[in-house]
Amino acid sequence: MLQMPGFSPFWQLAWVTPDLERSMEQFKTVHNVPSFFVMEPVFDAVFNGEQGSMSIRMALANIDDYQLELIQPVGEGIVRIYTDVLPKDGSHANVFHHVCTRVWGTLEDWDNHLASLPPERPICYTGDAPDGIRFAYTDDRASSGIYGEHIWYDDEVWEAMKPLIPHFHSK
């Protein structure tokens, strides 16, 4: 099987923030992203072998063929995959956290993608996403300084989500 380069097919850039509203306003005024779709998912997850509940607030916007994601961790515990990168003094920051690879196709394509990851890209975080969505993070910090997210959507689920996420064009 042909191994895909790095983070391809690259699809999303993601930042972690302690204040989602402030970050959305910054992205609006500084980066000209007019609006976001906000969700507040809570789900069971595993981070580095530890099981627990994950609670986040997230904002999504699509720009051309790419997606921007802002994540505000809520609570404690395994949410530290996000909180550990934030400033310890409590100050505000938008910290670049991960890039996301979108896996297109069937669940078999998803399974093949995960199986193709080299041992230098260990899976460190997974969650019980709703039916029709699968995701996993790889710990790529040793080679790139960030995590890698890998995500798969069932076509029907993606078609239902797509109109909820604002889509902007650069041209």
> Can we say Glu156 is farther than 15 Å from Leu13 by Cα, free of Cβ contacts under 8 Å to residues at least 24 places away in the same chain and surrounded by fewer than 13 Cβ atoms within 10 Å (Cβ to Cβ)?
Replying inline: no
> What residue, among those in the range 130-161 that are of a type outside the set (D, E, K, R) and assigned to a loop (DSSP other than H, G, I, E, B), is nearest to Val16 (Cα to Cα)?
Replying inline: Gly145
>> Of everything in the range 79-105, what is at pLDDT 95 or above and within 17 Å of Trp158 (Cα to Cα)? Give them in sequence order.
In response: Cys100
> Out of the range 14-42, which residues are touching a Leu at 6+ places or on another chain (Cβ under 6 Å) and either surrounded by fewer than 18 Cβ atoms within 10 Å (Cβ to Cβ) or modelled with pLDDT under 95 (or both)?
Replying inline: Phe37
>> Restricting to the range 94-115, count the residues that are over 16 Å from Asp140 (Cβ atoms) and surrounded by fewer than 15 Cβ atoms within 10 Å (Cβ to Cβ).
In response: 9
>> Residues that are in contact with a Lys or Arg (Cβ under 9 Å, 6 or more places away or on another chain) and aliphatic (A, V, I, L, M): does the range 137-156 have at least one?
In response: yes
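Looking at Glu69, Glu76 in this structure, which one is among the charged types (D, E, K, R) and at pLDDT 95 or above?
Values: Glu76 fails: at pLDDT 95 or above.
The match here is Glu69.
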>> List pairs: first residue in the range 35-56 and under 23 Å from Thr138 (Cα atoms), second residue polar (S, T, N, Q) anywhere in the structure, Cβ distance under 6 angstrom, at least six positions apart or on different chains.
In response: Val42/Ser55; Val46/Thr126
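Considering only the range 68-75, I want to know if a residue exists there that is surrounded by fewer than 18 Cβ atoms within 10 Å (Cβ to Cβ), under 17 Å from the mean Cα position of the chain (by Cα) and not β-branched (Val, Ile, Thr).
We begin by selecting, within the range 68-75, every residue surrounded by fewer than 18 Cβ atoms within 10 Å (Cβ to Cβ); these are 74-75.
Pick out the ones that are also under 17 Å from the mean Cα position of the chain (by Cα) and you get 74.
Right, trim to not β-branched (Val, Ile, Thr) and you get none.
No, the range 68-75 contains no residue that is surrounded by fewer than 18 Cβ atoms within 10 Å (Cβ to Cβ), under 17 Å from the mean Cα position of the chain (by Cα) and not β-branched (Val, Ile, Thr).
The values are calculated or read from the model by the stated rules, or taken from the named source; none is laboratory data. As the structure is a computational prediction, the values presented were derived from the model and not from experiment. Cβ: placed from backbone, ideal geometry, glycine included. Neighbour counts: every protein chain shown.
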